[in-house]
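Enquirer: Quick one: structure below, then a few questions.
The values are calculated or read from the model by the stated rules, or taken from the named source; none is laboratory data. It should be emphasised that the depicted structure is a prediction, and the values quoted were computed from it without experimental measurement. Backbone-built Cβ (ideal geometry, glycine too); neighbour counts: all protein chains shown.
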Amino acid sequence: MAKAPANFLTAIDVGSAKTCVLVVEITENGLRYRAHGLADSKGSRKGIIVDLDKAVGSIQKAVERAEDGAGFPIERAILGVAGSHVRGINTHGGMVFSRPREIGRDEIRQAVDKARAVPLPPDREVLHLLPQEFMLDDQAGVHDPLGMIAARLEVRVHMISAATSATQNVITAVNRAGVHIDDTVFEPLACADSVLRADERELGVCLADVGAGSTNVLVIQEGAAAHSAVLPIGGDHFTSDLSVGLCTPVAEAEKIKKLFGNAIVTLIPEGNEVEVPSVGDRPSRLVSQRMVGEILEPRARELFEMLRDNLRHAGMLEACAAGVVFSGGGARLPGLIDIADSVLRKPVRIAWPVPIARMPSALGEPEFATVLGLVAYGHRARSARGTEDDRWSARLKAMLVGKGA
C-alpha cells in the first residue's frame, strides 16, 4: 500500500456507540471526501476507555476500513475528546507595559499565558485556551490586537481541561491501532465547525451534542466560546430505561427505540402495539407503543431540564438568543426537539452537517457532525499554522482565526 500523501487529513471519533475514521483530501477548493471507516465501539463508555484491548480492536477495524477506501495507510490523525471528565472555565489575565507599545505575537502569547495560570489538579491538562476578547487600555471587545498600540493588554479566555489519564488512554488505544495523534480537540468545538451558522455564533447559540454516553455542551457568543459542559445523559440512557422498563435485552431495547420510540406520548396513536422480546427463554410479548413513550418522555424532560439549569447557573441561558442546536445520533429520537422547545423556551433545531465535496449522503446525518467538524477544524488549524515552526504561536493563531469562523 502506498504511503499517505501530505495533502490528506484524517480524523478519528471514538464514541461510546461507534468509532468513525474519516479521510479527506485538501484541495485548492477546500476539502474533498476520500474514504471513511465505521465500527461498533467496544471497550469505551462515556468518553472513557474501560477495556483497552477491545477499544483498540474497534479502532483498528474502523482504520482498516478507511484505509481500504483511501488506498494508503493511515499513520496520523486528529482525535476528538469528550466525556464527563472534560471541564470548562472562564478566566482572564494581562500585562502592563512601561509605555504604550505595538502589540506583537509575543505580547499576545504572554497575556494568554497569564490567563492560563489557573491552578489545576496534577491529574488534569489543558485541551484548549480559547480567546473571547482582548482589552487594550480601556478599549474592550478587540478580537485580534496584533499591531495595535496600548500600555495595557488583557485577555479573557475560555479554558477547557480534561483528565490526563482519560485523554491519554484514548490516545494510547489509537496509537496501538497504529496511528499517531497530531492533535486532540474537544468534540463540540469541532462539531461547531460543521453545523453552526455565522449569525448564530454572533447572536449567541448553544450546541448540544447528544451522544450515546453523554451530552456535550458548548455556548458560543459573539463568535467566541463562552461556556462548555458535559451532561451525564445520552442516548444509551434512553435505551437502558427501555431495557429495564420493558424487561428486554439492551440490544432489543435499542431496536425498539429506533423503530417505535417517541419522546411525546400523545403523538403515539392509541391502540398501537409493539412486540417486545423477553429476557431468557420466555416468549415475546405485545405491549402498547404508548408505554414506550411513557418510558422515554421523563428521561427527555430530565435531559433538557438539566441543560436549562446548567445554562442558567452559568448565566448563559439568556445569552443564547439564537437558541439551541442539537447534533449527535441521540438527537434524532422523534419528539425530542418538541420536548426541548417546551422546556428550554428557546428556538431549537437539529444540526445537519455541512457536506464536503464527493461525500456519501450517508455521512450527512447528525451523528457524523463531529467527525466532519474534526477535519474542518484540522484544515483550518493547518492553514493558520502554515510554515510557522513555533507550535504555541501557531495554535494561538488558529484560535484567533476560529473566532470568525
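Enquirer: Name the one entry in Gly57, Gly47, Gly37 that is assigned by TED's automatic domain parsing to the domain that holds Asp183 and at pLDDT below 95. Write out each step before concluding.
Expert: Numbers: Gly57 fails: at pLDDT below 95; Gly37 fails: at pLDDT below 95.
It is Gly47.
Enquirer: Only residues that are outside any helix (DSSP H, G or I) and either in contact with an Asp or Glu (Cβ under 7 Å, 6 or more places away or on another chain) or closer than 14 Å to Thr248 by Cβ (or both): list them for the stretch 284-321, please. Break it down stepwise before answering.
Expert: Looking only at the stretch 284-321, we keep the residues that are outside any helix (DSSP H, G or I), and these are 284-288, 314-321.
The answer is Ser284, Arg285, Leu286, Val287, Ser288.
Enquirer: Sticking with this one: Taking only pairs six or more apart or across chains, which ones have beta-carbon atoms under 9 Å, a first residue in the stretch 131-157 that is assigned by TED's automatic domain parsing to the domain that holds Gly104, and a second residue that is hydroxyl-bearing (Ser, Thr, Tyr)?
Expert: Listed pairs, sorted by first residue: Ala151/Ser98; Arg156/Thr91; Val157/Thr91.
Enquirer: Can you tell me which residue in the stretch 49-83 is nearest to Ser240 (Cα to Cα), limited to those that are surrounded by fewer than 18 Cβ atoms within 10 Å (Cβ to Cβ) and touching a residue at least 60 places away in the same chain (Cβ under 8 Å)?
Expert: Across the stretch 49-83, the extreme among qualifying residues is Leu52.
Enquirer: Another question about this same structure. Please go through (1) buried (at least 16 other Cβ atoms within 10 Å of the Cβ); (2) without any contact (Cβ under 8 Å) to a residue 40 or more places away in the chain; (3) in contact with a Ser or Thr (Cβ under 8 Å, 6 or more places away or on another chain); (4) over 30 Å from Val56 (Cα atoms) for Val219 and return the number of the only condition it doesn't satisfy.
Expert: Exception for Val219: condition (2).
Enquirer: Does the stretch 356-371 hold any residues that are among the small types (Gly, Ala, Ser) and either in a loop (DSSP other than H, G, I, E, B) or surrounded by fewer than 14 Cβ atoms within 10 Å (Cβ to Cβ) (or both), and which are they?
Expert: Filtering the stretch 356-371 for residues among the small types (Gly, Ala, Ser) gives 357, 361-362, 364, 369.
Residues satisfying the conditions are Ala357, Ser361, Ala362, Gly364.
Enquirer: Continuing with this model, one more query. Could we say that Pro5 is assigned to a loop (DSSP other than H, G, I, E, B) and either touching an Asp or Glu at 6+ places or on another chain (Cβ under 7 Å) or surrounded by 23 or more Cβ atoms within 10 Å (Cβ to Cβ) (or both) here?
Expert: Criteria not met by Pro5.
Enquirer: Of the residues Gly204, Gly261, Gly234, only one is touching a Gly at 6+ places or on another chain (Cβ under 8 Å) and under 30 Å from Tyr377 (Cβ atoms); which? Explain how you work it out, then say what you get.
Expert: Numbers: Gly204 fails: touching a Gly at 6+ places or on another chain (Cβ under 8 Å); Gly261 fails: under 30 Å from Tyr377 (Cβ atoms).
Result of the check over Gly204, Gly261, Gly234: Gly234.
Enquirer: Same structure again: So which residues in the stretch 322-333 are outside any helix (DSSP H, G or I) and either under 26 Å from Gln221 (Cβ atoms) or without any contact (Cβ under 8 Å) to a residue 12 or more places away in the chain (or both)? Write out each step before concluding.
Expert: Looking only at the stretch 322-333, we keep the residues that are outside any helix (DSSP H, G or I), and these are 322-328, 333.
Ala322, Gly323, Val324, Val325, Phe326, Ser327, Gly328, listed by residue number.
Enquirer: Next question. Could you tell me whether Ala62 is over 25 Å from the mean Cα position of the chain (by Cα) and of a type in the set (A, V, I, L, M)? Spell out how you get there, then give the answer.
Expert: Details: over 25 Å from the mean Cα position of the chain (by Cα): no; of a type in the set (A, V, I, L, M): yes.
The answer is no for Ala62.
Enquirer: Scanning for something part of a helix (DSSP H, G or I) and acidic (Asp, Glu), does the stretch 270-283 turn up at least one residue?
Expert: Of the residues in the stretch 270-283, the ones part of a helix (DSSP H, G or I) are none.
No, that holds for no residue.
Enquirer: When the stretch 334-355 is examined, which residues are found to be at pLDDT 95 or above and either in contact with a His (Cβ under 6 Å, 6 or more places away or on another chain) or assigned to a loop (DSSP other than H, G, I, E, B) (or both)?
Expert: Pro334, Gly335, Arg345, Lys346, Pro347
Enquirer: Quick one: in the stretch 8-48, which of the residues that are part of a loop (DSSP other than H, G, I, E, B) and hydroxyl-bearing (Ser, Thr, Tyr) is surrounded by the most Cβ atoms within 10 Å (Cβ to Cβ)?
Expert: Step one: list which residues in the stretch 8-48 are part of a loop (DSSP other than H, G, I, E, B), which gives 15-17, 28-29, 41-43, 46-47.
Then drop every residue that is not hydroxyl-bearing (Ser, Thr, Tyr), which leaves 16, 41.
Working: Ser16: 20, Ser41: 22.
Of everything passing the filter in the stretch 8-48, Ser41 is surrounded by the most Cβ atoms within 10 Å (Cβ to Cβ).
Enquirer: Taking Asp137 as meeting all but one of (1) more than 19 Å from Ile78 (Cβ to Cβ); (2) at pLDDT 95 or above; (3) surrounded by fewer than 16 Cβ atoms within 10 Å (Cβ to Cβ), write down the number of the exception.
Expert: So Asp137 meets the others, but not (2).
Enquirer: Do you know which of the residues in the stretch 1-18 that are at pLDDT 95 or above and not hydrophobic (A, V, I, L, M, F, W, C) is nearest to the chain's Cα centre (by Cα)?
Expert: So the residue we want is Asp13.
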